[in-house]
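Engineer: Dropping a structure here in structure tokens format, bear with me for questions.
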Amino acid sequence: MRTWLEVNTKNLKYNIGKIYEKIGDRKIIGIVKANSYGLGSVEITKELIKCGVDFFAVATLSEGIELRETGIKEKILILGGVFDDELKDAEKYNLQVALSRFDQLEYININNIQVKCHLAIETGMGRIGFNFEEVEKVKKYVKENNLKNIIGVYTHLSVADEDSEENRNYTINQIKKFNNFSGIDTIKYRHILNSGGILSYSGMDNGNYVRVGIVMYGICGENWIEGFKSVISFKSKILFIKTLIEDMDISYGRACTLKKGEVVATIAAGYADGFKRGALNKITVNIQGRQCLVVGKVCMDMLMVKIPEDMVDSVKIGDEVILYGDDLVEKAKLIGSSTYEIITGINPRVKRVYIEE
Ligand SMILES: *Cc1c(COP(=O)(O)O)cnc(C)c1O
């Protein structure tokens, strides 16, 4: 293998155990959208099933169909919204949808589409969802038309992972607004809490499900969670090593000059694998437990690092390089990106490897 993403399924299971401790009687909706944040939706879904999870959510219709086609029978909700012309397929594949438009509710009714729906309620995320005036109209319509397919209701928190007083008040207000919702008897699933919500607000929401995303990888917001374990390592190998015979400019744009005698290793990963270019002369990769500085611009398929003097004799071709691992959160900050963006940005050509240790 040249470059791969290692997923530690033992640590994943450990983290799920921790989450169960926090959520009391509530059940888990495993969020496996965007290829399970880049880690592999089918494999992560199967691991979660082993942990007792029986409800999943994706972002798009095609993500839901992909899970169905690999034989996943559990409940699946499409959270990212669907267009009217996707509803028939959602029904066909037994996928539940997030509903946030009144005219879509009418469309479903008029066309007699038997798709199960969760009402998305706008409480302060500003993305999709019914506002509280529309909610009344929805309730009335559901009653008048005797609709039986509204089985869930949810909202989404925008700052649950931030702990300033202002943001805490904002979140509390979102949860209170949501808790006021009632009046549709067919609703079985109520869910509010995302990762940040699970860690900080499990005491106050009245949902019976929680939506578990990045927290299962030991991360919340842009921080590691104390007591959880790290699941993700993005790895590559040393492809080439050279000792400079004269002062030399490294990589495109000649943004970095190294001195005669310095040792440069070329690593078999680049931005086309998902290693972000980031801030020049700040990013490091881990070789033999040491942080080695990335020099010059990251190329599409390779990047160069400077080997510290005392490591020169011990590095060799094929040595493992950890691009991001236990330092993922810190590196995301350094690059000016987010952990979500970095892991979902690891490209399909990078093999996903699941280890149970
Ligand atoms: C992505 C998403 C989640 C999961 O978010 P995390 O921060 O990873 O827990 C939960 N709910 C909705 C509606 C989402 O879009």
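Engineer: I want to verify a result. In a Gaussian network model of the chain, Cα cutoff 10 Å, which of these has the top mean-square fluctuation: Thr123, Thr284, Thr186?
Structural biologist: Per the Cα network of the chain with a 10 Å cutoff, Thr186 tops the list.
Engineer: Convex hull volume of the Cα atoms in region 299-357, per residue, in Å³?
Structural biologist: 158
Engineer: Translational D (Stokes-Einstein, µm²/s) of region 168-284 at 4 °C and 1.567 mPa s when Rh comes from the Kirkwood sum over C-alpha pairs?
Structural biologist: 67
Engineer: Along the positive direction of the dipole of region 232-355 (beta-carbon charges: Lys, Arg +1; Asp, Glu -1; about the Cα centre), which of Ile238, Leu303, Ile343 reaches farthest?
Structural biologist: Final value for the positive-end residue is Ile343.
Engineer: OK, next. What net charge do the residues around Glu144 carry, taking every other residue with its C-beta under 15 Å from that of Glu144, with Lys and Arg at +1 and Asp and Glu at -1?
Structural biologist: Numbers: positive: Lys137, Lys139, Lys140, Lys143, Lys148; negative: Glu106, Glu136, Asp185.
Net charge around Glu144: +2.
Engineer: With the cut-off at 31 Å, tell me which of the pairs Lys88/Lys351; Lys22/Lys139; Lys116/Lys176; Lys22/Lys176 have Cα atoms farther apart than that.
Structural biologist: Checking Cα-Cα distances, Lys88/Lys351; Lys22/Lys139 exceed 31 Å.
Engineer: Can I ask one more? How long, wide and thick is region 232-355, going by the Cα atoms along their three principal axes, in whole angstroms, largest first?
Structural biologist: Principal-axis extents of the Cα atoms in region 232-355, largest first: 41, 30, 24 Å.
Engineer: What is the chain's relative contact order, in percent, from Cα pairs under 8 angstrom and six or more apart in sequence?
Structural biologist: Working: 727 pairs, mean separation 69.8, N = 357.
In percent, rounded to a whole number, it is 20.
Engineer: Could you put Lys140, Lys18 in order of accessible surface area, largest first, with the 1.4 Å probe and the full protein assembly present?
Structural biologist: Putting Lys140, Lys18 in descending order of accessible area: Lys140, Lys18.
Engineer: Among residues other than Gly289 whose Cβ falls under 14 Å from its Cβ, what is the net charge (Lys/Arg +1, Asp/Glu -1)?
Structural biologist: Counting the neighbours of Gly289, the net charge comes to -3.
Engineer: With +1 assigned to the C-beta of every Lys and Arg and -1 to the C-beta of every Asp and Glu, and no other charges, what is the dipole magnitude of the chain about the Cα centre in debye, to the nearest 20?
Structural biologist: Here the chain has a charge dipole of around 440 debye.
Engineer: Just the number, please: percent antiparallel of the DSSP beta bridges in region 9-224, rounded to the nearest 5.
Structural biologist: Roughly 10 percent of the DSSP beta bridges within region 9-224 come out antiparallel.
Engineer: If you add up the charges near Glu6, with Lys and Arg at +1 and Asp and Glu at -1, over every other residue whose beta carbon is less than 9 angstrom from its beta carbon, what do you get? It would help to have the intermediate numbers written out before the result.
Structural biologist: Values: positive: Lys235, Arg352; negative: none.
Result for the neighbourhood of Glu6: +2.
Engineer: With a 1.4 Å probe and all protein chains left in place, how much accessible area per residue does region 1-106 have, in Å²?
Structural biologist: With the other protein chains kept in place, region 1-106 gives 41 Å² per residue.
Engineer: Could you give the accessible area per residue of region 141-271, probe 1.4 Å, as a whole number in Å²?
Structural biologist: 46
Engineer: In 20 Å bins starting at 0, how do the alpha-carbon pair distances of the chain split up by percent?
Structural biologist: The percentages, shortest bin first, are 28, 48, 21, 3, 0.
Engineer: If I stretch the segment between Lys46 and Glu165 completely, what's the gain in nm (0.36 nm per residue apart, minus their alpha carbon distance), one decimal?
Structural biologist: Between Lys46 and Glu165, full extension yields 39.0 nm more.
Engineer: Which cross-chain or sequence-distant (5 or more) residues have an amide H under 5 Å from the amide H of Val295, H modelled 1.01 Å from N in plane?
Structural biologist: The answer is Met304, Val305, Lys306.
The values are calculated or read from the model by the stated rules, or taken from the named source; none is laboratory data. No experiment lies behind these values; they were computed from the predicted model shown. Ideal geometry is used to build each Cβ from the backbone, glycine not excepted, and the neighbour counts take in all protein chains shown. Surface accessibility is based on the protein's heavy atoms, side chains included, excluding ligands, DNA and RNA. Shrake-Rupley method; radii C 1.70, N 1.55, O 1.52, S 1.80 Å.
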